[in-house]
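Since the structure comes first, as structure tokens, the remarks are kept for the end.
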Amino acid sequence: MQSTIGSPPGVVVILGTGGTIAGTAASAARHVGYQPGVLGADALVAAVPALQGWPVEAETLARLDSCDMDHATWAALAARARQHLARPEVAGVVVTHGTDTLEETAYFLHRTLAAAKPLVLTAAMRPATALSPDGPQNLFDAVTLAREPGVRGVLAVLGGVVHAGCSLRKLHGYRVDAFSSGDAGPVALLEDGRVRLLRAWPDAPLHPAALHAADRLSDPAGWPVVDIVTSHAGARGAVIDALMAAGASGIVVAGTGNGSVHAELRLAARRAIASGVRVWRASRCPMGGVVIGSDGGGADVLPTAGELTPVQARIELLLDLLAAG
Ligand code: ASP
């Protein structure tokens, strides 16, 4: 579905993919029990009176609960965003999304989309039917940011805070203030409809897979399998063995603390590496990543993903494997 409200210049295209921002509940009091992804992008725009008369196009790409986000939707979203960003009259693209995997989609787009213009992701913690939904303000802020001169790259805006696509992480399961930029801190704030820059717009170095393996990247059916295993008390190496048997080409171990990994998993990881599987370790701590060269607990057997979170590291390893063919 596509509709155009107003006219160029400075068109912002809103691509809807579902999530709580497009969710509805049986009663206005319900913030946690609701159905995500019910409303199309047109309905989200219609709920923001301040956007009426703005040059906004709304297109519904998917109606997913983002916990079900998949690689095919990523490839379709990237392709559609690329098409719109290439239109001279388009100032930027806004993607409405669920919060559960927002940081993964943001990181994937950050590494694969050459965005000389802004691509702004937004979402909501409360459904559209809530007494006080956060989605309409977030959408308004996202469109404002997407029209702001000089902005580029993949960003996310929630609760008036602008996060770089490479820094975003969800820290809380239901509070409205659920997101953080980790140690990097936010890039900007949206104040009263104006953007206040806190630091330079982040650089967006494309992954080599986006430059040299574009064909493979656009065919998600052929993407290598990369899985995540968490290290924890009583961890079993059999999990890694099972993933190898199930065809994993890469495994990220979400380690404890500074990326330390249970001895059972380290043993299994050695078996995996010996059979050609790439194994990285990250930290299951939401902040800090892995300080390279400061490893404890014998975990130094595994390459680290540095500051990347486990879900970011999974995407990075997947792209590395794609680039390697
Ligand atoms: N499960 C929802 C989703 O990620 C949660 C949300 O959007 O807040 O689609």
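Listed values for segment 188-198 are Karplus-derived 3J(HN,Hα) couplings in whole Hz (6.51 cos²θ - 1.76 cosθ + 1.60, θ = phi - 60°), namely 7, 10, 9, 10, 6, x, 10, 9, 10, 6, 9, and x replaces Gly and Pro.
When peptides 12-24, 68-80 are ranked by their average number of other Cβ atoms within 10 Å per residue, the highest-first order is 12-24, 68-80. Relative to the longest principal axis of the Cα atoms of the chain, the long axis of helix 135-146 lies at roughly 90 degrees. Here is how the number arises for the chain: DSSP H runs of 4 or more residues each give -39500 (n - 2.57), the sum is divided by the residue count, and the result at 222 nm is -8000 deg cm²/dmol.
The C-alpha atoms of the chain define a longest principal axis, and helix 102-112 lies at about 80 degrees to it.
Close amide H pairs (under 5 Å, H built 1.01 Å from N) link LEU158 with HIS163, residues at least 5 positions away or on another chain.
Peptide packing for 158-165, 317-324, 196-203 was compared via the average number of neighbouring C-beta atoms within 10 Å per residue; ordered from the highest value, the list is 158-165, 317-324, 196-203. Taking the chain as a Gaussian network of alpha-carbon nodes connected by springs under 10 Å, the highest mean-square fluctuation of the residues VAL261, VAL154, VAL143 belongs to VAL261. Per the Debye formula on identical point scatterers at the alpha carbon atoms of segment 164-238, with no solvent, log10 I(q)/I(0) at q = 0.11, 0.15, 0.19, 0.27 Å⁻¹ is -0.58, -0.92, -1.03, -1.19.
Amide H contacts for THR230 (H built 1.01 Å from N in the peptide plane; partners 5 or more residues away or on another chain; cut-off under 5 Å): ALA254. Each 20 Å bin from 0 upward holds the following percent of the Cα-Cα pairs of the chain: 32, 55, 13, 0. At an R0 of 41 angstrom, the distance between the Cβ atoms of ARG30 and ALA233 translates into a FRET efficiency of 0.70.
Amide H to amide H, with H built 1.01 Å from N, PHE179 comes under 5 Å of LEU171, counting only residues 5 or more places away or on other chains. Dividing the Cα radius of gyration of segment 186-225 by 2.2 N^0.38 Å, with N the residue count, gives 1.93.
A Cβ-based charge dipole, computed about the Cα centre of the chain with Lys and Arg at +1 and Asp and Glu at -1, lands at about 220 debye. Principal-axis analysis of the Cα atoms of the chain puts helix 263-274 at an angle of about 90° to the longest axis.
Taken together, the values in this text are just the output of simple stated rules run on the coordinates, not laboratory data. This one's a predicted model, so the numbers in the text were calculated from it and none came from an experiment. We place every Cβ from the backbone using ideal geometry, glycine too, and count neighbours over all the protein chains shown.
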